[in-house]
Amino acid sequence: MFVDKVKVYAKGGDGGNGMVAYRREKYVPDGGPAGGDGGRGASVILEVDEGLRTLMDFRYNKHFKGKRGEHGMSKNMHGKKAEDLVVKVPPGTMVTDEETGALLADLTTHGQRAVVAKGGRGGRGNVRFATPANPAPDHAENGEPGEERNLLLELKVLADVGLVGFPSVGKSTLLSIVSAAKPKIAEYHFTTITPNLGVVDTQDGRSFVMADLPGLIEGAHEGVGLGHQFLRHIERTRVIVHIVDMSAMEGRDPVEDYHKINEELSQYNYRLTERPQLVVANKMDMPEANENLKRFKEALGEETKIFPVSAIKKDGVRELMLAIADELEHAPEFPLHDSEEQVEGRVLYKHELPIEPFTITRGDDGVFELSGAELERAFKMTDFAREESVRRFARRMRKMGVDEALRKRGAKDGDLVRIMKFEFEFVE
């Protein structure tokens, strides 16, 4: 089965916890702190494998979690960092953050990698917090939580040439005779329901990849028929080969077919109209094809170069393949996203408001609720079993302005404050 769009969940591994430990050796009085740092958690990395062709592997395996880093140990020994989780994807995979819609990566070449969920750093051991005022701290950090994301993986096949046209105009037949591809061919619409790729050798030392793509119908840009399932795959092609059934055996007018297909392409993505397009008048061995071709040429004008062929008899096919190869030699690359678009990162412009470190809301039960990425990260990295760690977290909240903000919201001594699922008393 050809799968070209999936949603997956990725979470980087949490960092290992730092340790609280002290040197206890003979003849070494007051040895001091000796707790090591935790190891970094595993990141989730997508890597291109040119042997893969679809996203089928993600149909049933949609959750990818990196392992946690090892905890710190005594004698200043650091925990081991976890090995990154590498997930293989086919070339042509675009990775988007489902929540923000930001493009994280466009993976096209074999071995190309993208980190989609970073592992958390290890927590610092108590040796890191030693100061002249506090030479033996009873405090260490928990590991940083790993980044987690819901991702949208979308495959857009890598092909130099894309065959487009209404169903049953002969796209699969043409691909089968110019390459080693064996697409299914039958006398009914939508025989081809998945893209088929074949390598074409022009016998003069040139070659290119051609894709036979599912047939278009009117309204495809709105999802009618195979709709977007087809249209996304033509976005990477450098040359479009538009095949028209010149026999008009199914009662369709070739001129109308030509204009309808081009309208669907422009409605889906106007940049598809920038690509070089070769028009192929197929089924010239059928009755009335020559009369229809004459009328077709008159309607399109002299500027449009038309290649009359009979795919089933192989008439005119060699000349068409050489013309496609010539067009590819000077056809530019067409990026899928604007060159100014930031991939794998976010630019903060000065006119944007900075992201608040925390927000305060009031629950249905009247409890003040604190949330925010920076606050929750600090909360998760605090070891609440140690009093010194709790005091350090309180100082950090005060420095962030949480206490003052709660007072402005009307918090009084003894009121409950909730962070995630944990509740505390507000103390003046």
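Computing FRET efficiency as 1/(1 + (r/R0)^6) for Val255 and Arg113, where r is the C-beta to C-beta distance and R0 is 45 Å, gives about 0.40. How many angstrom separate the Cα center of region 394-428 from the Cα center of region 232-264? For region 394-428 versus region 232-264, the Cα centre distance is 65 Å. Considering only Ser207, Ala331, Asn126, and ranking their Cα positions along the charge dipole of the chain that arises from unit charges at the beta-carbon of Lys, Arg, Asp and Glu, the one farthest toward the positive end is Asn126. Please tell me which of these pairs span more than 18 angstrom C-alpha to C-alpha: Lys156/Lys314; Lys5/Lys156; Lys67/Lys421; Lys7/Lys81; Lys65/Lys88; Lys81/Lys118? Violating the 18 Å Cα-Cα cut-off are Lys156/Lys314; Lys67/Lys421; Lys7/Lys81.
Residue separation of Thr131 and Ile177 scaled by 0.36 nm, minus their Cα-Cα distance, works out to 8.8 nm of gained length. Peptide packing for 320-329, 413-422 was compared via the average number of neighbouring C-beta atoms within 10 Å per residue; ordered from the highest value, the list is 320-329, 413-422. Over all orientations, region 1-79 has a Cα convex hull whose mean projected area works out to 7.2 square nanometres. What a 1.4 Å probe finds exposed on the chain is 49% carbon and sulfur by accessible area, rounded to a whole percent. Couplings 3J(HN,Hα) of region 198-208, computed from phi: x, 9, 9, 10, 7, 6, 10, x, 10, 8, 7 Hz, in residue order, whole Hz [Karplus 6.51 cos²θ - 1.76 cosθ + 1.60, θ = phi - 60°; x for Gly and Pro].
Of the peptides 292-302, 369-379, the ranking by mean beta-carbon count within 10 Å, highest at the top, reads 369-379, 292-302. Over the C-alpha trace of region 76-161, radius of gyration and Dmax come out as 20.1, 71 angstrom. Each peptide in 85-96, 401-412 gets a packing score, the mean of other Cβ atoms within 10 Å over its residues, and the list from highest to lowest is 85-96, 401-412. Divide the volume of the convex hull around the Cα atoms of region 1-41 by the residue count and you get 80 Å³ per residue. Hull volume per residue, based on the alpha-carbon atoms of the chain and their convex hull, is 216 Å³. How many angstrom separate the Cα center of region 113-144 from the Cα center of region 265-281? Measuring centre to centre over Cα atoms gives 55 Å. Probing with 1.4 Å while keeping every protein chain in the model, the per residue accessible area of region 1-152 equals 53 Å². Taking amide hydrogens as placed 1.01 Å from N in the peptide plane, the amide H of Asp315 sits under 5 Å from those of Ser310, each at least 5 positions away in sequence or on another chain. The 3J(HN,Hα) values that the Karplus relation (6.51, -1.76, 1.60; θ = phi - 60°) gives for region 19-25 are, in residue order, 10, 9, 8, 9, 6, 10, 10 Hz. Gly and Pro appear as x. Between Thr54 and any residue 5 or more places off or on another chain, the built amide H atoms are never under 5 Å apart. Each residue of region 378-388 was assigned a 3J(HN,Hα) from its phi angle through the Karplus expression (A = 6.51, B = -1.76, C = 1.60, θ = phi - 60°), giving 5, 5, 5, 8, 9, 8, 6, 7, 10, 4, 5 Hz with x at Gly and Pro.
Amide H to amide H, with H built 1.01 Å from N, Gly146 comes under 5 Å of Asp14, Gly15, Gly120, counting only residues 5 or more places away or on other chains. Taken as Cα centroids, region 301-319 and region 59-89 sit 57 Å apart, rounded to the nearest whole angstrom. Restricting attention to the chain, close to 60% of DSSP beta bridges with both partner residues there are antiparallel. Under a model in which nothing but the beta-carbon of Lys, Arg (+1) and Asp, Glu (-1) is charged, the chain shows a dipole of about 2140 debye around its Cα centre.
Extension gain, Arg377 to Arg23: 0.36 nm times the residue separation minus the Cα-Cα distance gives 124.4 nm. Once the Cα atoms are used to define both axes, helix 254-268 deviates from the longest principal axis of the chain by about 10 degrees.
The values are calculated or read from the model by the stated rules, or taken from the named source; none is laboratory data. Being a predicted model, the structure only gives us computed values, none of them experimental. All Cβ positions, even for glycine, are placed from backbone atoms using ideal geometry, and neighbour counts span all protein chains on display. These area figures cover heavy atoms from the full protein model, side chains too; ligands, DNA and RNA do not enter into them. Shrake-Rupley method; radii C 1.70, N 1.55, O 1.52, S 1.80 Å.
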